[in-house]
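Every read-out reported here was derived from the displayed coordinates using simple, explicitly stated rules and does not represent laboratory data. Model, not experiment: these values are computed from the prediction. Cβ: placed from backbone, ideal geometry, glycine included. Neighbour counts: every protein chain shown.
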Amino acid sequence: MSNPKMRTAILISGRGSNMTAILEAARNKDYPAEIALVLANNADAKGLETAAAEGIATAVVDHRPFKGDREAFDAEIQSVLEANGIELVVLAGFMRILTPGFVDKWRDRMLNIHPSLLPSFKGLHTHQRAIDTGCRLAGCTVHFVRADMDSGPIITQAAVPVLDDDDEDSLSARILVMEHKVYPRAVALVAGGRTRVEGMRVIIAQTDEDSQSPSRFLFH
Ligand code: GAR
């Protein structure tokens, strides 16, 4: 029988806590994605050790020897993904900007998580900016990747309160808890064929379970 699970690569740059959350979810026999590869742009990424300890194939494509030639760097990533028969790409704290050509190849088959309620606070230092702007709610977003950074159709979001005594560390820790819930869900929705993109909107096929616990958003 052919493997019905979607062969998925997770791309990381560092700690890999979102990767770990997805690996844990993927242990469930009903999870629709098989994590076939973890790829990092940095041999020191801590997440590589975690993945290897779980018996997952790992690869490193170091961006530094490419000396700013992003097309060549992305072409190397593409060849590693193809060599591993990858069908779905999950960016989990992968801190390189991908070229439009690469992004187009993976249109609606590449996800990213960003630690803000997009479209607010694209880019870096999202937690401090949410605090400095006086937001009462902050959160995270899982979206399909488009060539413009942090801009693709939104699959799932989670919101948390911003407390008066929050600093960057306390707020990012509160959001990270939600990232670990929302990202495995979003990967399951896409790998399970339950998402359809219409312009900027992602339509999710609902199941009976969703009436108790909606799959598109979470609140702390
Ligand atoms: C996560 O908070 C993720 O949302 C963020 O990097 C962290 C990676 O942590 N991603 C971005 O800022 C992308 N723009 P992790 O390596 O422990 O998953």
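Counted as membrane-span-like here are DSSP H helices of the chain whose alpha-carbon atoms extend 18 Å or more along the helix's own axis and whose Kyte-Doolittle mean is 1.6 or above; there are none. With 10 Å bins beginning at zero, the pair-distance distribution over Cα atoms of region 1-67 amounts to 22, 50, 22, 6, 0 %. As a size descriptor, the averaged projected area of the C-alpha convex hull of the chain was calculated at 12.8 nm². A DSSP coil position with no more than 11 other Cβ atoms inside 10 Å describes the following trypsin sites (Lys or Arg not before Pro) in region 12-91: 27, 29, 67.
Looking at region 115-220, the pairs of alpha carbons with a distance over 17 Å make up 53% of the total. Relative contact order of the chain, taken over Cα pairs closer than 8 Å and 6 or more residues apart, is 19 percent.
Calculated [222 nm] ellipticity per residue, helices only, for the chain: -9500 deg cm²/dmol; basis is -39500 (n - 2.57) per DSSP H run with n ≥ 4, divided by all residues, nearest 500. Here region 7-150 is assigned +1 on the Cβ of each Lys and Arg and -1 on the Cβ of each Asp and Glu. Its dipole about the Cα centre then comes out at about 360 debye. How charged is the neighbourhood of residue 153? Take every other residue with its Cβ under 11 Å from the Cβ of residue 153, and add Lys/Arg as +1 and Asp/Glu as -1. Overall, the nearby charge balance is +2.
If you wrap the Cα atoms of region 1-131 in a convex hull and average its projected area over all directions, you get 9.1 nm².
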